[in-house]
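In what follows, a single structure is set out as structure tokens and then discussed.
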Amino acid sequence: MTKRIAMALILAGTAAFAHGGVQNPDVKTRMMGMGDLARQMKLIGGMAKGEAAFDAEAVNTALARMSEAASEIPSLFETPAEDPQSEALPVIWEEFAGFTTRASELEALTAELAGSVTSEAELRPVMQQLGKACRACHATFRE
Ligand code: HEC
């Protein structure tokens, strides 16, 4: 797989998402948390693809924000809230320790990366690491 295709797949995974019609406020809130992660990643991804000018400060701020958002995942999912629109799998609450481990891994990765990015060349590997951390959880815990 070429790097370009890998990047396209990562970005496709973070593209459009909709929570129109979600009734359960807990589900809505956790979807908004995920949406925030996706927005930060899109910002970094846009620069990685050359669609936006490289801005180290903006990248590092986005990574710090992702770390904060990741730290909130366990509390956002603590209540086994359901909604027809939700893609959360019941296994989250059967294996909550495993679920929170995936959140901690994303939190640690983004905390480590935040402040470290100084060049445009680092963005692709950063995006790949981020994509892997999102997928590590989605693969098991999301429809
Ligand atoms: C610890 C597990 C976990 C991690 C890590 C994680 N997610 Fe999620 N994500 C979920 C679950 C579970 C759902 C489904 C929530 C629902 O529909 O109730 C979800 C849903 C989403 C959605 C859809 C939200 C919506 O409005 O329907 C997006 C977008 C998303 N995640 C992006 C990301 C990105 C980007 C990352 C990495 C930077 C990430 N997620 C990391 C568990 C995780």
I'd like to compare 84-97, 61-74: which one has the highest average count of other Cβ atoms within 10 Å, and what's the full order after that?
61-74, 84-97
Using a cut-off of 12 Å between alpha-carbon atoms, which aspartates and glutamates can reach Lys42, once sequence neighbours fewer than 8 places away in the same chain are excluded?
Glu51
Computed over the chain, the relative contact order (Cα-Cα under 8 Å, seq sep at least six) in percent reads 32 percent
Taking amide H atoms as placed 1.01 Å from N in the peptide plane, list the residues 5 or more away in sequence, or in a different chain, whose amide H sits under 5 Å from that of Lys49.
none
Mind checking the per residue accessible area of the chain for me, 1.4 Å probe, whole number of Å²?
56 Å²
Where does helix 25-48 land angle-wise versus the long Cα axis of the chain, in degrees 0 to 90, nearest 10?
10 degrees
Please name whichever of Gln40, Ser71, Val91 sits farthest to the positive end of the charge dipole of the chain, dipole taken about the Cα centre and charges placed at Cβ: Lys and Arg +1, Asp and Glu -1.
Gln40
Where in the stretch 71-115 does the amide nitrogen come within less than 13 Å of the point 7 Å from the Cα of Ala64, taken along Cα to Cβ?
111-115
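The values are calculated or read from the model by the stated rules, or taken from the named source; none is laboratory data. Here the structure is a predicted model, which is why all the values come from computation and not from measurement. Positions of Cβ are backbone-derived with ideal geometry, glycine not excepted, and every protein chain shown enters the neighbour counts. Note: areas computed on protein heavy atoms with side chains; ligands, DNA, RNA excluded. Shrake-Rupley method; radii C 1.70, N 1.55, O 1.52, S 1.80 Å.
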